[in-house]
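Some notes on the structure that comes next.
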Amino acid sequence: MAVFWPRLIIAAILMTIEGAALGALAYLIQPLFDDLFSASNMVGVGWVALAIAGVFGLRAVAGFGQRLIVVSIGLKVTTSLQSRLLQHLLSLDLAYFRSTPPGALIERVRGDTLALQGLAATTVMSLGRDTITFASLLTVMLINDWRWTLLALIGLPLLVLPMLGLQRYIRATTAASREAAARLSTQLDEIFHGIQSIKLNRLERHETGRFDGEVRHFLREALRAQRGLAANPALIDLIAAAGFVAVLYYGGAQIIAGEKSVGQFMSFFTALALIFDPLRRLSNIAGQVQAGVASLARLYEVLEARATILPPTTPQKLQTGDIRFEDVHFSYGDTAVLNGLSFTAALGKTTAIVGPSGAGKTTIFGLLTRLVDADQGRITIGGQPVDGLELDGLRDGVAMVGQETALFDATIAENIRLGRLDATPDAVRAAADAASVTEFADAMPLGLDTPVGPRGSALSGGQRQRVTIARAMLKAAPILLLDEPTSALDARSEQLVQEALTRLSAGRTTLVIAHRLSTIRDADLIVVIDRGRVIEQGTHAELMAMNGAYARLEALQSAGLMPLL
């Protein structure tokens, strides 16, 4: 904020000029009526007209300047806050994102910060300009007659209690309105992400109906909040009406009696007519502050969230070696996922993990990379507990290719380079060649510089997977995690991706979550888990010889009688 002080001082000076201009205008009214009109002095009228025009011109320049300064500072602060919020959100654990929908987070980063920016700009301008305007007009009123001033404004203290009640109402209704806006954003996020399912299942009307319901709910809450904000100036207008009537009656009698001049009355009446406008805006500030407090509370809620996956106090560097799970227990809330899981993935070998849905296969990857921490037990790499390793080093040492491709709205090359941001174009090209990306990219007009579209929508499923594999190849991590990336591909794409995966896993410690048992028959070790614990392990031949759970799964899949795991 220190860098903004010089500009804020300039804005304050400009606000003072703009605010004092209306007081000067009201003050010029008295000599215009009493000294010039009554004396038919047109030369003097001309000079006063020029003075009034100068006042308006000065006010216009000052108003433009201070608005531009205040709004520009507000936007800079807002964009900085948005970046700070995103930085903080990205430091949080996956558990936070599982419990908070994306739409709500988008509304906080965008909606709530923009609401605060509007509030800050309006508040600064109103407090600066309108306070000076009110003071200058009040001074003109007092110069003309302090009794008239007392009559005009005596009703203001009566507004205190109604205003306090309104502030509480505004804060509550605005908070509800922001929550309703977050639900709208969440539903839109779900609709746009699930557009294919919506189309295939002819759910357009159903989703439109659901969204209409949320829109109506948001409209109700927003209108409640706006009613509270609109009540502030309405109360001021009621007091203004009473003040005008009292001054007109009392002051009119004094003019008729010759105790006051028409010029005094017109000057006072001009100031009185003008003073309620800044007063109305100032009264709105309290309501707007309450609305801003609701957004601020939501932002603080995000900023106060803390990561639970913390780096160790004395971090160790990742060393290659066997990966061991020793009596590992893990639960999501009250739901137990792993119950004493123990197995070893040998260095440089491929270990496949199979089991029914919900057996805890994907959780193993999350624990190994410390996206989540075990409730009990030990997980080690080369004999070192993963919770004692440098967190950045641990994740740098792991590459993952999953079923869902994480592509961003950038070029093919930029998506591959996410594996190593400092990679040279030649290194990116080499990774693309190894993953068979250039097979399709070179046929495109822009080659590797072709945009992939949002979430890779411009590419096919197999093409997206090969880009993800190229990213993993570029990363060149010693540990490779594969969450069966070929399960949703056609035969041709599966063959190309499988060939790329074979090249990728060579010489690396590889863990594979297997959905098609036919893809992991050559694995060095197959671990069969059920209900969070190992029930069988061995090579394909050894497991088939056992004639146990794995053999039954293999027989069912071969006969087409069992869905993919």
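The values are calculated or read from the model by the stated rules, or taken from the named source; none is laboratory data. Not measured: the values here are computed from a predicted model. Using ideal geometry, Cβ is built from the backbone for each residue, glycine included, and neighbour counts are taken over all protein chains shown.
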Residue that is farthest from Gly382 (Cα to Cα), among those in region 307-350 that are among the acidic types (Asp, Glu) and in contact with a strand residue (DSSP E or B) (Cβ under 9 Å, 6 or more places away or on another chain): Asp327
Of the residues Ala458, Ala514, Ala488, Ala476, which is modelled with pLDDT of 85 or more and of a type in the set (A, V, I, L, M)? Ala458
Looking only at region 330-355, how many residues end up being within 39 Å of the chain's Cα centre (by Cα), farther than 11 Å from Ile513 by Cα and in contact (Cβ under 8 Å) with a residue 40 or more places away in the chain? 8
Enumerate the pairs (first residue in region 210-221 and over 10 Å from Leu184 (Cα atoms); second residue anywhere and surrounded by 13 or more Cβ atoms within 10 Å (Cβ to Cβ) and among the charged types (D, E, K, R)) with beta-carbon separation below 9 Å, excluding pairs fewer than 6 apart on the same chain, so at least 6 apart or on different chains. Glu221/Arg178; Glu221/Glu179
Looking at Ser493, is it at pLDDT below 90, loosely packed, with under 15 Cβ neighbours inside 10 Å, among the hydroxyl-bearing types (Ser, Thr, Tyr) and farther than 17 Å from Thr350 by Cα? no
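Okay, residues lined up against (1) modelled with pLDDT of 75 or more; (2) touching a Phe, Trp or Tyr at 6+ places or on another chain (Cβ under 8 Å); (3) not aromatic (Phe, Trp, Tyr):
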position: Ser267; (1), (2), (3): yes, yes, yes
position: Arg280; (1), (2), (3): no, no, yes
position: Leu299; (1), (2), (3): yes, no, yes
position: Glu304; (1), (2), (3): yes, no, yes
If you take the residues in region 399-422 that are at pLDDT below 90 and small (Gly, Ala, Ser), which one is nearest to Asp483 (Cα to Cα)? Gly402
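Listed here are the residues, each with its yes/no results for (1) part of a helix (DSSP H, G or I); (2) modelled with pLDDT under 80.
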site	(1), (2)
Phe56	yes, yes
Phe64	yes, no
Leu81	yes, no
Leu86	yes, no
Leu92	no, no
Phe97	yes, no
Leu105	yes, no
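Please go through region 335-392 and pick out each residue that is touching an Asp or Glu at 6+ places or on another chain (Cβ under 6 Å) and aromatic (Phe, Trp, Tyr).
Initial filter on region 335-392 (touching an Asp or Glu at 6+ places or on another chain (Cβ under 6 Å)): 340, 342, 344, 346-347, 349-350, 355, 359, 377-378.
None; the set is empty.
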For Asp449, are the conditions met, namely being assigned by TED's automatic domain parsing to the domain that holds Met400, farther than 21 Å from Glu499 by Cβ and either within 32 Å of the chain's Cα centre (by Cα) or crowded, with 23+ Cβ neighbours inside 10 Å (or both)? yes
